[in-house]
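This report refers to the structure that appears directly beneath it.
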Amino acid sequence: MNNAAAPAARLDLPAIQSLAAADMAQVDALIRRRLASDVLLINQVAEHIVSAGGKRLRPMLVMLAGQATGQVRADHHQLAAIVEFIHTSTLLHDDVVDESDLRRGRSTANAIWGNAASVLVGDFLYSRSFQLMVELDSMAVMRLLADTTNRIAEGEVLQLLHVRNPDTDEAAYLRVIERKTAVLFAAGTRLGAMASSADAATQQALYDYGMQLGYAFQIADDVLDYSGDAMALGKNLGDDLAEGKATLPLIHAMAQATPERRARLRTIVEQGDTTALPEVLAAIADAGSLAYSRARAVEYADAAERALDGLPDNDALAALRGLARYAVERGY
């Protein structure tokens, strides 16, 4: 008799999106209602970035965590909208800091309306998220989201300190990912469980899942910056290099390089020299840095799945497992 446990079920992305579709439609409707302002420029900028679409992964995590632990209610929709507003505000601020002119294949808000408008509308979205938060009248929710937004702000500053810094190592890189990306994923999954009145252990399991997923997702994203298709990515290949960001593929390549090549790579990072992208790609290829980085992303995806092991199986849990795979297998 074979007593081996059957492999845990995973859904693919279309099935995940289908499972969340009805709730996500309500979230999108709520987002559009609560974006409204009598200040025309706010409406224009906010509509531009929200209508760009994207995967809506963060609010979807709130929905799936809610479905995995109970019945989804209006509070879940509001929490998902809050998470998306926080994320969108960081995108507006990021594009200003990074001087980006392209996101998801479209001109960034700062490229159209200028830096001042982008920063100020980002502030509007942050404050609107806190208005939505207060309406829920939950100190636990407010504490979690206040702590999360503070950590995100720390991550922004931490990343700024590493711009054009060739001494950024893997540990420093991971500290930035934790604050800039992973904490919001983790907050989303915990919020979904909290709104379903899940017990503390279940909330923690889903928080741990979100944190590990955030690491996996961002490392995979950084691999795509050196290996993806620019049209599919909706941004220019090598943008991280242009912005002076030493991400894991380049950090690993520098660590493996000869002293002469390392010195050259240091100069490229310090100058944000995109004309040297072919040299950087060659160094990354020679060091096997894309394979190394993908393997690190898979380690985090595996850890995300393990965090779910104690929870009762259902379709939503299979969707969360599927998202862990999608995070590291996607092409854009």
Residue pairs meeting the criteria (Cβ under 6 Å; at least 6 apart or on separate chains; first within 13 Å of THR148 (Cα to Cα), in the range 172-184; second small (Gly, Ala, Ser) and in a helix (DSSP H, G or I)): ARG179/GLY155; LYS180/GLY155; THR181/GLY214; ALA182/GLY214
Residue within the range 86-108 that is touching a residue at least 60 places away in the same chain (Cβ under 8 Å), closer than 30 Å to ASP199 by Cβ, buried (at least 20 other Cβ atoms within 10 Å of the Cβ) and not aromatic (Phe, Trp, Tyr) present: yes
Long-range neighbours under 8 Å by Cβ, at least six apart or interchain, first residue surrounded by 16 or more Cβ atoms within 10 Å (Cβ to Cβ) within the range 115-138, second part of a loop (DSSP other than H, G, I, E, B): SER118/THR108; PHE124/SER37
Single residue of ALA297, ALA263, ALA246 found to be assigned to a helix (DSSP H, G or I) and under 19 Å from the mean Cα position of the chain (by Cα): ALA297
Matching residues in the range 266-288 - criterion: being part of a helix (DSSP H, G or I) and either at positive phi or charged (D, E, K, R) (or both): ARG266, GLU270, GLU279, ASP286
Among (1) at pLDDT below 95; (2) more than 20 Å from GLY54 (Cβ to Cβ); (3) of a type outside the set (Asp, Glu); (4) not in a helix (DSSP H, G or I) - the single one LYS235 does not satisfy: (2)
Residue in the range 12-68 that is nearest to LEU125 (Cα to Cα), counting only those that are basic (Lys, Arg) and either part of a helix (DSSP H, G or I) or at pLDDT 95 or above (or both): ARG34
The range 116-138, residues that are small (Gly, Ala, Ser) and in contact with a Ser or Thr (Cβ under 6 Å, 6 or more places away or on another chain): GLY122
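Taking the range 48-59 on its own, how many of its residues are surrounded by 14 or more Cβ atoms within 10 Å (Cβ to Cβ) and either out of contact with any helix residue (DSSP H, G or I) (no Cβ under 6 Å at 6 or more places or on another chain) or among the small types (Gly, Ala, Ser) (or both)?
Taking the range 48-59 and keeping what is surrounded by 14 or more Cβ atoms within 10 Å (Cβ to Cβ), we get 48-50, 52, 54-59.
Filter again for either out of contact with any helix residue (DSSP H, G or I) (no Cβ under 6 Å at 6 or more places or on another chain) or among the small types (Gly, Ala, Ser) (or both), leaving 50, 52, 54-57.
Number satisfying all stated conditions: 6.
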Single condition VAL72 does not satisfy, out of (1) part of a loop (DSSP other than H, G, I, E, B); (2) more than 29 Å from GLN203 (Cα to Cα): (2)
Flag if SER100 is outside any helix (DSSP H, G or I) and at pLDDT below 95: yes
Among (1) under 29 Å from ALA291 (Cα atoms); (2) buried (at least 24 other Cβ atoms within 10 Å of the Cβ), the one test that ALA195 misses: (1)
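The values are calculated or read from the model by the stated rules, or taken from the named source; none is laboratory data. In this text the structure is predicted, and so the values were computed from the model without any measurement. Quick reminder, even Gly has a Cβ in these numbers, built from the backbone with ideal geometry, and neighbours come from all protein chains shown.
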